[in-house]
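Report on one structure; see the data block that follows.
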Amino acid sequence: MRYAEFRNEIQTELRRNPAGLTWAELKTRRNLPYERPCPEWLKRLENEIGLKRLAGKKRAHVWRV
């Protein structure tokens with residue numbers, strides 16, 4: 001999977017879920033092939049689509065756009 005495909009998958013799912021989702025939820029819902037997201041890609045997502053990762057319950061961060 002290339003970065004553009006990853007970005008589109010994340011953006012599509014987060015727009016459908018304005019309350020946000022955790023990485024585990026995104027990974028499962030979009031059947032993403034990564035155990036953890038690439039830190040470089042996360043920075044790009046923050047700049048390109050306005051990704052915000054906020055502290056959620058327990059250890060997981062909630063991702064929102």
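The values are calculated or read from the model by the stated rules, or taken from the named source; none is laboratory data. Given the structure is predicted, the values throughout are model-derived calculations rather than measurements. So basically every Cβ, Gly included, is an ideal-geometry build from the backbone, and we count neighbours across all protein chains shown.
At-a-glance table
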quantity	calculated
For residue 19: the one exception among (1) loosely packed, with under 11 Cβ neighbours inside 10 Å; (2) part of a helix (DSSP H, G or I); (3) among the aliphatic types (A, V, I, L, M)	(2)
Condition met for residue 9 (surrounded by 16 or more Cβ atoms within 10 Å (Cβ to Cβ) and either of a type in the set (Lys, Arg) or outside any loop (DSSP other than H, G, I, E, B) (or both))	yes
Residues being loosely packed, with under 11 Cβ neighbours inside 10 Å, touching a residue at least 24 places away in the same chain (Cβ under 8 Å) and under 11 Å from the mean Cα position of the chain (by Cα) - total across the stretch 22-38	1
Residues within the stretch 29-45 that are modelled with pLDDT of 95 or more and hydroxyl-bearing (Ser, Thr, Tyr), tallied	0
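Let's see how each residue does on (1) surrounded by 10 or more Cβ atoms within 10 Å (Cβ to Cβ); (2) outside any strand (DSSP E or B):
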{"position": "4", "(1), (2)": "no, yes"}
{"position": "40", "(1), (2)": "no, yes"}
{"position": "44", "(1), (2)": "yes, yes"}
{"position": "53", "(1), (2)": "yes, no"}
{"position": "57", "(1), (2)": "no, yes"}
